[in-house]
Amino acid sequence: MDTEQLTRTFVEYFEERGHRRVVGSTLLPPPGDPVLFTTSGMHPLIPYLEGRPHPLGSRLVNVQRCLRTTDLDEVGDATHLTVFEMLGTWSLGDYGGPRSLDWGYGLLTEGLGVDPGLLYATVYAGDERTEQDTASLRLWQELGVPVELTVEDNWWSNGPVGPCGPDSEIFLWSGEGPPTSTPTRDERWVEVWNHVTMSHRRLDDGSLVPLPRRNVDTGLGLERLATLLQGRRSVFECDVFDPWRRLVPGLWPLDEPSLRLVCDHLRSAAVVLGDGVRPSATGRGYVLRRLLRRVLTVLRREDPSRTLGDLPPELVRHTLDHFRQDLDPGVVLRVLAEEETRFTGLLERGRQVLARPRFRGPLTDEDFHYLHDTHGLPRDLITSLREE
């Protein structure tokens, strides 16, 4: 089952259970939101989770594209991407956590064909201030799914203040042979679906008060689930990366970590451009510029003649089509070329600055801050130039 089929199955399953699809997914949060990019499926729904009536009703489903800059240094492992899609469902004061979990179990086992024996769940164990999530525990016991009780790992919060509550996470076994151990003790248990019951609000003083209306918020990473269902070893081997893995290695011979970073960042850059962002020195534009400069730094590390001008337009088209973005691939390629020209100029200036006596020895954090703020040289580029 490829990601398109997986998405369709997910949405239709919950539409059959009274959920209305929220459309208009974008990486850009609403005006006035201090966050640069949408980071999760629940982000655009925060006003409704806090009590405002949603025009589509109390049961919602969506597919939300997200971008997390906090994961940039993790990109290249088996599970992290810069831009990804999150499948989500919401109950706005309607049904509770156990029903959500029961439907989630049904979709995984009946709709997607997952062997129930490969599932494990974690549930909130309770502490001195809040009770154990006995309703979720009872549901999993009735379904025959093994459960691990935790405290910190199963209490969800949207920051230091605001809505929070217990969650139950569903894990899928990714190892060879029969499952062993538990999710907190064996990393071969991969979290695929988090079901949060927003039951409390945390106040400025750290105290918890019950919410007048409980909501359920679930999130399931599309690429991560597709990877597991397709029997692949990493998200970079699921179907959305098939054309990238077919064409990029022949274009630029790279080791596996570098290949993953280059494919992820270029694909992410195309999506960001498709949502209307352009490179700049601040804000969203700087995130885009940083992605492209990380790619160029990796490409030129072994061969300075490598250029983004060699990127096949079909890869850009494939990405824009997947995210249903109406942008000419030529626009993306033109922006890439312009940024590469700027980067080349930055390299020349960087070499001249780093040749100064002040920067010939070991660099301090103060040096790195000065080079970034005064000359626009990020730390990873400085490190690369000093290795030349």
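The values are calculated or read from the model by the stated rules, or taken from the named source; none is laboratory data. Small disclaimer: the values here were computed from a predicted structure and weren't measured. When we count neighbours, we look across all protein chains shown, and the Cβ atoms used for this are built from the backbone with ideal geometry, even at glycine. All accessible areas refer to the heavy atoms of the entire protein, side chains included, with ligands and DNA or RNA removed. Shrake-Rupley method; radii C 1.70, N 1.55, O 1.52, S 1.80 Å.
A few notes on this one:
- The conditions of being without any contact (Cβ under 8 Å) to a residue 12 or more places away in the chain and hydrophobic (A, V, I, L, M, F, W, C) are not met by residue 83.
- Qualifying residue in segment 159-169 (condition: farther than 29 Å from residue 38 by Cα and open to solvent by less than 10 Å² (accessible area, probe 1.4 Å)): no
- Residue count, segment 323-342 (criterion: open to solvent by less than 20 Å² (accessible area, probe 1.4 Å) and either touching a strand residue (DSSP E or B) at 6+ places or on another chain (Cβ under 9 Å) or more than 23 Å from residue 249 (Cα to Cα) (or both)): 2
- In segment 100-136, the residue that is farthest from the chain's Cα centre (by Cα) out of those that are aliphatic (A, V, I, L, M) and farther than 23 Å from residue 174 by Cα is 135.
- Tabulated pairs, segment 303-317, first of a type in the set (Asp, Glu), second open to solvent by less than 30 Å² (accessible area, probe 1.4 Å), C-beta under 8 angstrom, 6+ apart or interchain: 303/252; 310/252; 314/243
- Any hit, segment 208-231, residues being hydrophobic (A, V, I, L, M, F, W, C), touching a Pro at 6+ places or on another chain (Cβ under 6 Å) and open to solvent by less than 10 Å² (accessible area, probe 1.4 Å): no
- Any pair with Cβ under 7 angstrom, 6 or more apart, that starts in segment 363-382 at a residue that is farther than 17 Å from residue 344 by Cβ and open to solvent by 70 Å² or more (accessible area, probe 1.4 Å) and ends at one that is aromatic (Phe, Trp, Tyr) and at pLDDT 85 or above: 379/368
- Meets criteria (farther than 19 Å from residue 64 by Cα, open to solvent by less than 10 Å² (accessible area, probe 1.4 Å) and modelled with pLDDT of 95 or more) for residue 299: no
- Per-region count, segment 180-197, residues open to solvent by 50 Å² or more (accessible area, probe 1.4 Å) and in a loop (DSSP other than H, G, I, E, B): 6
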